[in-house]
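Student: This is the structure, below, for whatever I ask next.
The values are calculated or read from the model by the stated rules, or taken from the named source; none is laboratory data. The structure presented is a predicted model; accordingly, all values stated were derived computationally and were not measured. Cβ coordinates were reconstructed from backbone atoms using ideal geometry, including for glycine residues, and neighbour counts include every protein chain displayed. Note: areas computed on protein heavy atoms with side chains; ligands, DNA, RNA excluded. Shrake-Rupley method; radii C 1.70, N 1.55, O 1.52, S 1.80 Å.
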Amino acid sequence: MNAFDADTQRLYDTALNALADLKAQHVTTLDVRPLTSLADVMIIASGTSTRHVKALADEVQEKARAAGFMPVGIEGEKEGEWVLIDLAGVIVHVMLP
């Protein structure tokens, strides 16, 4: 994967670390720069239950905010079967397998 700009790389690392901290499963990273201008990278991960999915999404949001990045949008949080967190250059999808 080609290098990202410094802010995107820091946000990417923050999101991956947050997912690792709570033991996300099946973490996959996609470089979407050639496909869209909406984001540079998409991170897809799964949780073991709706409670785990919600906890993973919360952790990503908390760590991003602590690093100075505010989520642009969050979808699916209420149901907990999947959550999309738009962090501008990084989009995180957390879902049940």
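Student: Which of the residues belonging to region 64-74 are of a type outside the set (A, V, I, L, M, F, W, C) and either touching an Asp or Glu at 6+ places or on another chain (Cβ under 8 Å) or open to solvent by less than 50 Å² (accessible area, probe 1.4 Å) (or both)?
Tutor: Correct list: Pro71, Gly73.
Student: Take Thr48 and decide whether it is farther than 13 Å from Ile85 by Cβ, in contact (Cβ under 8 Å) with a residue 12 or more places away in the chain and surrounded by 15 or more Cβ atoms within 10 Å (Cβ to Cβ).
Tutor: no
Student: Say whether the condition of being among the charged types (D, E, K, R) and open to solvent by 70 Å² or more (accessible area, probe 1.4 Å) is met by at least one residue in region 82-91.
Tutor: Checking region 82-91: not a single residue is among the charged types (D, E, K, R) and open to solvent by 70 Å² or more (accessible area, probe 1.4 Å).
Student: Give the residues of region 32-45 that are over 16 Å from Trp82 (Cβ atoms), in contact with a strand residue (DSSP E or B) (Cβ under 6 Å, 6 or more places away or on another chain) and either of a type in the set (Gly, Ala, Ser) or open to solvent by 30 Å² or more (accessible area, probe 1.4 Å) (or both), sorted by residue number.
Tutor: Residue satisfying the conditions is Ala39 alone.
Student: Scan region 1-31 residue by residue and report those that are part of a helix (DSSP H, G or I) and farther than 15 Å from Ser46 by Cα.
Tutor: Across region 1-31, the qualifying residues are Ala6, Asp7, Thr8, Gln9, Arg10, Leu11, Tyr12, Asp13, Thr14.
Student: Give me the pairs, please: first residue somewhere in region 64-75 and in contact (Cβ under 8 Å) with a residue 12 or more places away in the chain, second residue anywhere and polar (S, T, N, Q), beta-carbon distance under 8 Å, and either six or more positions apart or on two chains.
Tutor: Taking only residues 6 or more apart or on different chains, the pairs are Ala64/Thr14; Ala67/Thr14; Phe69/Thr14; Pro71/Gln61; Ile74/Gln61.
Student: Regarding Ala39, is this residue within 16 Å of Thr8 (Cα to Cα) and over 12 Å from the mean Cα position of the chain (by Cα)?
Tutor: Here the answer is no, as Ala39 does not meet what is asked.
Student: When you go through Ala18, Ala3, Ala55 one by one, which is the residue that is surrounded by 14 or more Cβ atoms within 10 Å (Cβ to Cβ) and over 16 Å from Leu96 (Cα atoms)?
Tutor: Step by step, each of Ala18, Ala3, Ala55 is checked, and only Ala18 is surrounded by 14 or more Cβ atoms within 10 Å (Cβ to Cβ) and over 16 Å from Leu96 (Cα atoms).
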